[in-house]
Every structure is written in structure tokens, then in C-alpha cells.
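In what follows, a single structure is set out as C-alpha cells and then discussed.
The values are calculated or read from the model by the stated rules, or taken from the named source; none is laboratory data. Everything numeric in this text was worked out from a predicted model, so none of it was measured. No Cβ is skipped: glycine too gets one built from the backbone with ideal geometry, and neighbour counts run over all protein chains shown.
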Amino acid sequence: MRLPLPALLLVLASCASAGARPPETFVRSNAESRTTRVIDVREGMTKATAMRALTDALATRYTVEVADPRAGFAMTAWEASLVRDGVPDLRYRTRFIAQFMGDDWKTLQLRHEANWAHGEEWDVGYDAVKLDSVANELRTRLGKKP
């Protein structure tokens, strides 16, 4: 039995992806266990300055898809952040969500979402290394000085 070329390519692609795994930095979680980082904002920062520092920091490496300066909210676009053999792996996508808390914006809540395509479903989690890296960058730009 001979398979037509498109069917053969589909079989080969599914076999190749069967052994694929998410990156080691991917941590599976669920909606109830959202992992966040909380950053205490330094004294004297205005809301406009804090929001600009947040969006500038995110925009250095990511595309800020949504920003609401009145609500103190920013979210990056989903991106295929895993590259294998020089090609983005579309089975792994990540994004950041940041929200200043309270009326005085004295804290920033940073959350990272990562999804790994597992068949036709997505495994939900976060990327521990990416979350810590961006949280440290935001602490430098927004956080209280030691």
C-alpha cells in the first residue's frame, strides 16, 4: 500500500512531534494555582511614570498587545517563544499580564501564561525562567531601592 505524498507528510509530521516535549522551564499549573510575582513600587513614582516604565520594559523583548494606562494594565501578545532547529515551535506559546493593584498602584502583579499544545488540547502553565527574568527587570525599573 502506497500513501499519497500529502498523507505521508502528515504521518511523518505527527511521528516527529509525538516525542516532542515542552521546554524544561515550562511548569504545568491550573487556573486555581496561578503563579504570580508581586513587585512593590518605589515611593514617588507617578502612575504615568510607572505605566511607562512597565510598557517600556515589556516592549524591549515582547509585543505589548493591550495597554490601559487608566486601569494600570498591560498584556503582551501570545508568541511562539520556543525555537527548534532555527524554526519557531508553534506548539509552545507564552505571554505576560501585568496589573497595578489598588487605587494607589503601590504594587504590581505580574503573571506569565504558557501553553503547550498536547494533541488538540493545550496544557496550561507558566515558564519559570521567563517569569523570573521579567520580574527581576521590572523590580529594577519600578521596585523599591535597597
message: Please determine whether any residue of segment 87-106 is modelled with pLDDT under 95, among the hydrophobic types (A, V, I, L, M, F, W, C) and on the phi < 0 side of the Ramachandran plot.
response: yes
- prompt: What number goes with the only condition from (1) part of a loop (DSSP other than H, G, I, E, B); (2) of a type in the set (A, V, I, L, M, F, W, C); (3) surrounded by fewer than 10 Cβ atoms within 10 Å (Cβ to Cβ); (4) modelled with pLDDT of 90 or more that residue 48 does not pass?
  reply: (1)
task: Just give me the residues in segment 116-146 being touching a Phe, Trp or Tyr at 6+ places or on another chain (Cβ under 7 Å) and closer than 19 Å to residue 61 by Cα, in sequence order.
output: 127, 134
field: Residue ID - nearest to residue 38 (Cα to Cα), chosen from residues in segment 54-93 that are touching a Lys or Arg at 6+ places or on another chain (Cβ under 6 Å) and buried (at least 18 other Cβ atoms within 10 Å of the Cβ)
entry: 57
field: Long-range neighbours under 7 Å by Cβ, at least six apart or interchain, first residue touching a residue at least 40 places away in the same chain (Cβ under 8 Å) within segment 116-144, second in a strand (DSSP E or B) and of a type in the set (Asp, Glu)
entry: 116/123; 126/113; 143/40; 144/40
query: Could you list, in sequence order, the residues of segment 119-146 that are outside any helix (DSSP H, G or I) and more than 14 Å from residue 92 (Cα to Cα)?
result: 143, 144, 145, 146
task: Return a yes/no flag: does segment 27-39 have any residue that is closer than 11 Å to residue 142 by Cα and out of contact with any His (no Cβ under 8 Å at 6 or more places or on another chain).
output: yes
query: Restricting to segment 64-109, what's the tally of residues that are among the hydroxyl-bearing types (Ser, Thr, Tyr) and more than 30 Å from residue 43 (Cβ to Cβ)?
result: 3
- request: Working only within segment 4-45, note down all residues that are modelled with pLDDT under 60 and among the β-branched types (Val, Ile, Thr).
  value: 11
